[in-house]
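Here is the structure we will look at.
The values are calculated or read from the model by the stated rules, or taken from the named source; none is laboratory data. Quantities reported herein were computed from a predicted structural model and do not represent experimental measurements. Positions of Cβ are generated from backbone atoms using ideal geometry, with glycine treated the same way; all protein chains shown enter the neighbour counts.
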Amino acid sequence: MSLPELSLQIIYARLAWGLVAASMLLSVLPALLPKLFPALAQRTKLIVAVTVALVMVLPGAASPAYWLTLVFQYPSGLLTGYSLVALCARWNEKPVDFLLHPAFALLLTVLGVVLYLDAFGVLALGLYYHGFDADASAVLAVTAALAGVAAIWLRFGAGGAALLTGVLLFSLLRLPTGNLWDALLDPLLWAWALASLIAAACRYYIASKAGSQVQHTVAPDAEPELAQTRAGGME
Amino acid sequence: MGVLRPLIQRPGKLAVFACIAVVATVALAEGVRWSRSAPHHAKPEAVQTVAPPPVTLTEVSRAIIPMPKGVPSAHASALAQLPHGDLISFWWAGSRESGPDVQVYASRWSKGRWSDNWVVASRDSLGAALGHGVRRIGNPVAWTGADGTVHLYVVATGLGGWAASRVVQLQSTDEGATFKVRRVLPMSPVFNTSVLVRSSPVELAGGGWWLPVYFEIGHKYPMLVSFDAHGDPQRLTRIGARTRSLQPTLVPVSNTEVRAWMRDATKDNSVVQQAVSHDGGFTWEDMGPTTIRNLGTSLAVLRLDSGNLLMLRNDGTNPETARSTLTLSQSTDGQTWQEVTDIVSGQPGDEFSYPAMYQLGDELHITYTYQRRAIAHHRMKIHLAKDLP
C-alpha cells in the first residue's frame, strides 16, 4: 500500500469539493442569478468561483468541505476531473451536457455495481483490496491513462480529460486515498452515472417510440416531403 | 455540473502532446513506485507446535481502573504493553454510548497499580487533526511496535450510527502520553464507512502486526489489515466469505495455520464462528461453527507463551444472561476447549463484557466492561504444569 499523507488529503478535500460545488453552482446560477440581481449578470462566473474558493478555505468546521468530507469522505479523482472539465466549459461558455456519455455511464454503473456488492459482502471477490496492490494498480493506472487518451482521440473529450485528471492525481500523489478504485469511482459519481444511463435509456425509448409513430403516420407521405426538401435546396 | 459535448474535430497537436505527456508521466510514476514496492508476505511469529500441557491460573488481584469523574458510561477496553514493561489500557467513556462527549481514555499499569486516567482522543481532537468532522467515538485497539511507538486505532463515525464507522490510526512516541493522528484507514469504497475495530492485533515476524477489523452494515464480515514495522498498512484481506461474523480475534496455532474466532451476528442459535488460514493469513476459508455459545457479544482469544490458547467469552443462555458471566476456557489445539473458571459471574441483566487479555511475564492481565460503568482488571498467575508440585 502506498497511501497519501493526511495533510495532502486535507488540501485535496478543500480543492476537490470546491471544484464539485463550483461546477454544480455554475450549472444553475447563470440562469438564476441575473433574474435576482440583473446588475451581476456579467460577473456570475467570477462571483461563484471566488465565493466557493473563499468558503472552502475557511478554517475547520466553518468550511463546507469539513462537513462534506465527514459524510462522503473524498470525491474520486474522476469526479474531480469531470468537475474541472465542466467548470472550464462553463467558464468558456462552451455547450455543456449535464449527463455523462452513455458509454461512460454504462461502464461506471457496471463497475460500481460489482465493486459495491463486493464491499457490502454480497460478493467475496476482494476487488477493493486489489486497488492497493502496486502491481495491479500500476497496470490499471496506465491502462486507464491510455483509455483516457483513446477517449479524447475518439472525440469524447470530457470523459477522456476527466479520466486523465483522475489518473494523474492517483499516480503522482496517490489521491484521494491510495486506492485506485477510489480514484476512479465514488458513490456520488456512480449515482450520476446511473442517472445518466436511465436518462439516456428514457431518451432512446421516447425517440424510438416517436420515430415509430412518425414512421407509422407519415410513411405514405415520405416521398413527397423528401422531394420538396430537395427541391428547396436543403439536402 | 455538466460535461463537454464530444469534440467535433480530432484533437490538435497540443492536445496530442499533452496526452502523450500524461501517459508518460503516469507510466513513469507507476514504474518508479512499482520498482520500490516490496511484496509484503509477513506471517505471524513462528510458534511452538508441540501440544503443551494445560496451565492453571490463580487470581492475584482485581481492581477497577480509575474512571474519569462524573462520567457514567464506559466500555470496550484494550490492552498493550509499554516499552519498559508496563501495561497501558484504553477504553471509551462518556455520558452514554454514541454520546457527543465520549472520549478515549488511557491508564497505565505500573508497579502494581493503575495511574489516574487521561484523555487521548475526542471527536474534537480527531476532527481538528483530520480536517473533517467526526460524529462519534467508539472502540479503541492498541499495539506497541518494536521501536516503542504505541499505535492506537479508534472507531470514529461519519454521518450515522456505528454503520458509518471509520477507523482512525494514531501513534504515540512518548509511551501513550500524547497521540498524533496519522490517517483514516481506507477500507471501503462506499464513503469508507462501516468498518470497525475491536480485537487485539497479532504480532508478525519482522516487526509488523495484523489488525483485525470488520464490516458491519447489512452483511457483517471480518477482515484484517497487515502493517509493517513502521505502522504503514500493507495489505487488506477479507476473512472467509460468511456474512454474519464480526469482531474477529486472530491466533496463530502453527507455523502456517492461523485461526479466527468471531462473534456471531445470527439471532437464533448463535455460536462462536471460526475461520482458518493455511498459508499464514493470505487466504482464508470458513470453518463450520463451533458449539460454543455466543449471544452476540465480543470474545477474546490469546495464545500464551507456553502455546496454550485461552478464550474469554460470555456464556449466557438467553438475552437476560447474555453478558452476565465471563468464562475462561483453554485449549491446546484450538479444536476442543475446556472451561477453566468464571472470571466474573453476575445476576441476569448484569453486564461484564468485551474482554481483553494480555500476557506479561508469568501473569495474565484481563480487562472487561464492568456494568457499562467502568473497566475492571484482573491479574492472574499462570502456572505451567511442570511448575506444579
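Are any residues in region B:118-167 free of Cβ contacts under 8 Å to residues at least 12 places away in the same chain and surrounded by fewer than 18 Cβ atoms within 10 Å (Cβ to Cβ), and if so, which ones? Selection gives B:Asp124, B:Ala128.
When the criteria are applied in full, B:Tyr214 fails the requirement of being in contact with a Gly (Cβ under 6 Å, 6 or more places away or on another chain), surrounded by 19 or more Cβ atoms within 10 Å (Cβ to Cβ), at pLDDT 95 or above and within 11 Å of chain A (Cβ to nearest Cβ). Confirm whether B:Arg323 is in contact with a strand residue (DSSP E or B) (Cβ under 9 Å, 6 or more places away or on another chain), touching a residue at least 60 places away in the same chain (Cβ under 8 Å) and either farther than 20 Å from B:Leu79 by Cα or in a loop (DSSP other than H, G, I, E, B) (or both). No: the conditions fail for B:Arg323. Selection of region A:45-96 for residues being within 19 Å of the chain's Cα centre (by Cα) and polar (S, T, N, Q) yields A:Thr69, A:Gln73, A:Ser76, A:Thr80, A:Ser83, A:Asn92. Under the condition of being over 15 Å from B:Arg182 (Cβ atoms), among the small types (Gly, Ala, Ser) and away from chain A (no Cβ under 14 Å), the residues counted in region B:95-142 number 10. In region A:191-200, the condition of being within 27 Å of B:Val167 (Cα to Cα), surrounded by fewer than 21 Cβ atoms within 10 Å (Cβ to Cβ) and out of contact with any Asp or Glu (no Cβ under 9 Å at 6 or more places or on another chain) is met by at least one residue.
Taking the options B:Leu360, B:Leu328, B:Leu384, name whichever one is crowded, with 21+ Cβ neighbours inside 10 Å and closer than 27 Å to B:Glu257 by Cβ. Result of the check over B:Leu360, B:Leu328, B:Leu384: B:Leu328. Scanning region A:126-138 for residues that are in contact with a strand residue (DSSP E or B) (Cβ under 9 Å, 6 or more places away or on another chain) and not aromatic (Phe, Trp, Tyr) yields A:Gly126, A:Asp133.
Looking only at region A:120-139, residues that are free of Cβ contacts under 8 Å to residues at least 12 places away in the same chain, in a loop (DSSP other than H, G, I, E, B) and either more than 8 Å from chain B (Cβ to nearest Cβ) or in contact with an Asp or Glu (Cβ under 9 Å, 6 or more places away or on another chain) (or both) come to 5 in all. Going through (1) β-branched (Val, Ile, Thr); (2) surrounded by 18 or more Cβ atoms within 10 Å (Cβ to Cβ); (3) in contact with a Phe, Trp or Tyr (Cβ under 9 Å, 6 or more places away or on another chain) one by one, A:Val113 falls short only on (2). The number of residues in region A:162-191 that are assigned to a helix (DSSP H, G or I), touching a Leu at 6+ places or on another chain (Cβ under 8 Å) and more than 8 Å from every other protein chain (Cβ to nearest Cβ) comes to 12.
Of the conditions (1) loosely packed, with under 15 Cβ neighbours inside 10 Å; (2) at pLDDT below 90, B:Val32 fails just one. Which one is it? Failing condition for B:Val32: (2).
The residues listed here are A:Ser27, A:Ser63, A:Ser7; of these, the one that is facing chain B (nearest Cβ under 10 Å) and exposed (fewer than 14 other Cβ atoms within 10 Å of the Cβ) is A:Ser7. Only one residue in B:Pro39, B:Pro11 is outside any helix (DSSP H, G or I), touching a Gly at 6+ places or on another chain (Cβ under 9 Å), within 14 Å of another protein chain (Cβ to nearest Cβ) and modelled with pLDDT under 85. Which one? Unique residue meeting the criteria: B:Pro11. Based on what the data block shows, is B:Ala260 among the hydrophobic types (A, V, I, L, M, F, W, C), within 9 Å of chain A (Cβ to nearest Cβ) and closer than 30 Å to B:Gln330 by Cβ? No. Screening the candidates A:Leu78, A:Leu19, A:Leu99, A:Leu54 for the property of being loosely packed, with under 14 Cβ neighbours inside 10 Å and of a type outside the set (Ser, Thr, Tyr) yields one hit, A:Leu54.
B:Ser188: within 11 Å of another protein chain (Cβ to nearest Cβ), among the polar types (S, T, N, Q) and either without any contact (Cβ under 8 Å) to a residue 60 or more places away in the chain or buried (at least 24 other Cβ atoms within 10 Å of the Cβ) (or both), yes or no? Yes, satisfied. Within the option set A:Val110, A:Val114, A:Val142, being in a helix (DSSP H, G or I) and within 15 Å of B:Val26 (Cα to Cα) holds for one residue only, A:Val142.
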